[in-house]
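Q: Can you read through this structure? Questions will come right after.
Nothing in this text is a laboratory measurement; each read-out follows from the coordinates by a stated rule. Since we're looking at a predicted model, the values are computed, not measured. Because the Cβ atoms are built from the backbone with ideal geometry, glycine has one as well, and the counts that use them run over all protein chains shown.
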């Protein structure tokens, strides 16, 4: 989720740590993604083994010295699988690391606004937490089912800078679900369930 911090006062807000249950939900998402990453990991190991085997054989068997010419093909395959492995795991790993940063609590406002020219194609607007003087603490792009209207409501908000708004007036936004299936199968990415403004 794209986010923007507008005010250094955010760091001076009341804060709390992630609960064990909340952190466990994110951990299960990471382990689920790792289950998907097994495929590129196996490809990386296999391609690396082939590359090493070809290089080893070309150096130790006189009749196979020309094999070294094809080793680079498998080496590139190993690099591609390594990139795939990292790409699959980087987002959930970063998300898990963020659970060691604070969740902020602010008695201010939630501002909804419609998409603008900087919005992603599937973005349906922006959600922001505002201080009591209505200055912006942090804003996130929203990816919901319908376009958000332009409105501001007073609210007690819990949010984390990386993830977004966790609760509004004590009601969960669904950002961190109460339960997550084994290996996080069936979780739809980037879809929030903020209460209707």
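Q: If you check 65, 57, 11, which single one turns out to be closer than 22 Å to residue 156 by Cα, without any contact (Cβ under 8 Å) to a residue 12 or more places away in the chain and in a helix (DSSP H, G or I)? Before you say what the answer is, go through the steps one by one.
A: On the way: 65 fails: closer than 22 Å to residue 156 by Cα; 57 fails: closer than 22 Å to residue 156 by Cα.
Matching residue, one of 65, 57, 11: 11.
Q: Under 23 Å from residue 143 (Cβ atoms) and surrounded by 15 or more Cβ atoms within 10 Å (Cβ to Cβ): which single residue out of 28, 118 fits that description?
A: Just a single option satisfies the conditions, and that option is 28.
Q: List every residue pair whose Cβ atoms sit under 6 Å apart, with the two residues 6 or more apart in sequence or on different chains, where the first one lies in the stretch 88-103 and is closer than 12 Å to residue 163 by Cβ and the second, anywhere, is assigned to a loop (DSSP other than H, G, I, E, B).
A: Cβ pairs passing all conditions: 98/162; 99/18.
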